[in-house]
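K.L.:
Structure below; questions to follow.
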Amino acid sequence: MKTVPRRQVLRAFGLGAATVVVAGTGALGYRVYDTAALSPGQGDAYDPWRRWRDGPGLLGAVAAAVLAPSPHNTQPWVFGVRADAVDVFVDADRHTGTVDPFRREQYIGVGCALENLVLAGRARGLEPDVRLLPDGPAGARVATVAVRPAAPVPSPLYDAIGDRHTNRGPFTADPVPDETLAGLVDATGLPGVGVRWIADPAPRAALSRLLVDAAAALCADERQSRDNFAWFRPGDADIQRHRDGLTLGGQGFGPLKLAIAKLLPASSRTDGDRFWLEQTTTVHTATAAAYGVITTATPDDRAVQLTAGRLLERVHLTATARGLALHHMNQVTERIDREHAAGAAPTFAPRFAKLLSPGEHPLLTFRVGHPVRPGAPSPRRPATQVTK
Ligand SMILES: Cc1cc2nc3c(=O)[nH]c(=O)nc-3n(C[C@H](O)[C@H](O)[C@H](O)COP(=O)(O)O)c2cc1C
């Protein structure tokens, strides 16, 4: 059995795992199987992406809702399907710990699913009436969607649900004109939230620096780094069992780099941090055509967070329908919340505030651009597993 040192290969691909030396063909063979390197995106964990249009009625609409984005792919939602309504709950156990100390992102993720539910109801001839926090801020239901029969309303946003993926790969150097950016935002019926575009070179460079600094601070904070890594699913067995979390396939690699990454042993937390920081510097911020920031005057309001999720998903689906890539990048607001929760002096909040208008608070940040290659699907739990 021949032993293959992979240090140089790892370095060449910027995978940041230079200390790893992989064993020979036997171990490699296992790793091929474990990561499904030869058939990425396959298996039951990806089934929801193939079946989301098939189901009728409200359970069918939930099958579209589960394809929404969520922080670290935690899928923090539960749906109570009744004859003429769906109750929406937060699954409080599915969180990212110190990365999201106030569970702001958790509620936003549920808001994203709510938007898909609304679009999928309309496409099925079920006109939705959304009520947020119907039992008050402390109630178990965070939303209820009552429906009544109506003519089906197809829409490009609904059609984009199965093609929407977070794209962490490089974007091309082509700019995205201001009018194209403005056309990505339709906040009709979504009060209290808006989108600020940061596309001009100077403020874009300032936000890029902020994103790199926040990624470095997050990696240097051991608790945040551990909570960040906890949702990484290194192998196919993990992915098929949990059907959630972050995967190698979702990191935006080209096919060769992805195949090599999948043949390597599962990387450690510190290797993962180094890799993320390097990607943030050399790919994510270096190729962002523009940043979008969802802002509000009342960032702690749960209804506003749910509404921000609906707006975020609308922007992402519209970008998808128009052939643009979108990558969520929330390390700055995660550091703002972490500093606040820890009682530390704020360092990131004042820097972000300089890029916004007075009274405007950032809830979410993302970059947009023209993709070099399409984003890849991430695993999902099916509707039947998240309904009660
Ligand atoms: C509130 C929220 C915060 C997120 N923050 C980040 C982030 O900081 N970095 C990142 O790469 N992806 C982020 N994402 C994207 C999720 O990781 C992604 O939605 C999830 O892994 C599922 O993948 P998909 O969007 O391709 O379906 C975020 C998504 C949401 C809804």
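The numbers here are math on the coordinates, done by the rules we state, and not lab data. What you see is a predicted model, and the numbers here were worked out from it, not measured in a lab. Note: ideal-geometry Cβ built from the backbone for every residue, glycine included; neighbour counts use all protein chains shown.
K.L.:
Ignoring everything except DSSP H segments at least 4 long, calculate the 222 nm mean residue ellipticity for the chain; use -39,500 (n - 2.57) per segment, divide by total residues, nearest 500.
P.N.:
Mean residue ellipticity at 222 nm (helix-derived): -11500 deg cm²/dmol.
K.L.:
Sticking with this one: 7 Å from Cα along Cα→Cβ at both Ala92 and Thr347: what's the point-to-point distance in nm?
P.N.:
The modelled label-to-label distance comes out at 3.3 nm.
K.L.:
Can I ask one more? Short version: what are the Cα gyration tensor semi-axes of the range 178-276, square root of 5 times each eigenvalue, largest first, in whole Å?
P.N.:
32, 19, 16
K.L.:
Please report Ile108, Ile294 as a ranked list, fewest other C-beta atoms within 10 angstrom at the top and most at the bottom.
P.N.:
Least crowded to most crowded, the residues run Ile294, Ile108.
K.L.:
Right, next: When a footprinting reagent is the concern and you count Cβ atoms within 10 Å, what order do Asp44, Asp337, Asp221, Asp54 take, fewest first?
P.N.:
Final ranking by Cβ density, sparse to dense: Asp54, Asp44, Asp221, Asp337.
K.L.:
Something else about it: Binned at 10 Å from 0, what are the whole-percent values of the Cα-Cα distance distribution for the range 50-162, short to long?
P.N.:
With a bin width of 10 Å, the distribution comes to 15, 47, 30, 8, 0.
K.L.:
Which whole number of Å³ per residue matches the convex hull of the alpha-carbon atoms in the range 93-134?
P.N.:
Output value, Cα hull per residue: 80 Å³.
K.L.:
Could you sort 227-235, 182-190 so that the peptide with the highest average Cβ count within 10 Å comes first and the rest follow in order?
P.N.:
Ranked from most to least packed, the peptides come out as 227-235, 182-190.
K.L.:
With a point put 7 Å past each Cα toward its Cβ, work out how far Leu59 is from Arg209 in nm, to one decimal.
P.N.:
5.6 nm
K.L.:
What FRET efficiency, computed as 1/(1 + (r/R0)^6) with R0 = 56 Å and r the Cβ-Cβ distance, is obtained for Ser357 and Arg148, rounded to the nearest 0.05?
P.N.:
Between Ser357 and Arg148 the formula returns 0.90.
K.L.:
Between Asp84 and Arg131, what is the label-to-label distance in nm when each label sits 7 Å out along the Cα-to-Cβ direction?
P.N.:
With each label placed 7 Å out from Cα toward Cβ, I get 1.3 nm.
K.L.:
At 27 Å minimum axial length over the Cα atoms and a Kyte-Doolittle cut of -1.0, report the qualifying DSSP H helices in the chain, or say none.
P.N.:
Qualifying helices: 104-123, 201-220, 302-321.
K.L.:
Sticking with this one: Kirkwood Rh over alpha-carbon pairs of the range 118-253, then Stokes-Einstein at 10 °C and 1.306 mPa s: what D in µm² s⁻¹, rounded to an integer?
P.N.:
Once the numbers are plugged in, D ends up at 81 µm²/s.
K.L.:
Can you sort Trp276, Trp77, Trp197 by how many other beta carbons sit within 10 Å, fewest first?
P.N.:
So the residues, fewest neighbours to most, are Trp197, Trp276, Trp77.
K.L.:
Using θ = phi - 60° and the Karplus relation 6.51 cos²θ - 1.76 cosθ + 1.60, list the HN-Hα couplings for the range 145-151 in order, rounded to whole Hz, with x at every Gly or Pro.
P.N.:
10, 7, 10, 9, x, 7, 5
K.L.:
Are there trypsin sites (Lys or Arg not before Pro) in the range 71-111 that DSSP puts in a loop and that have at most 14 other Cβ atoms within 10 Å, and which ones?
P.N.:
Of the trypsin sites (Lys or Arg not before Pro), the ones in loops of the range 71-111 whose Cβ has at most 14 other Cβ atoms within 10 Å are Arg82.
K.L.:
Return the percentage of antiparallel bridges among DSSP beta bridges fully within the chain, rounded to the nearest 5 %.
P.N.:
95 percent
K.L.:
For the chain, what is the largest minus smallest coordinate of the Cα atoms on each principal axis, given in angstrom and ordered from greatest to least?
P.N.:
The Cα atoms of the chain stretch 66, 46, 41 Å along their principal axes.
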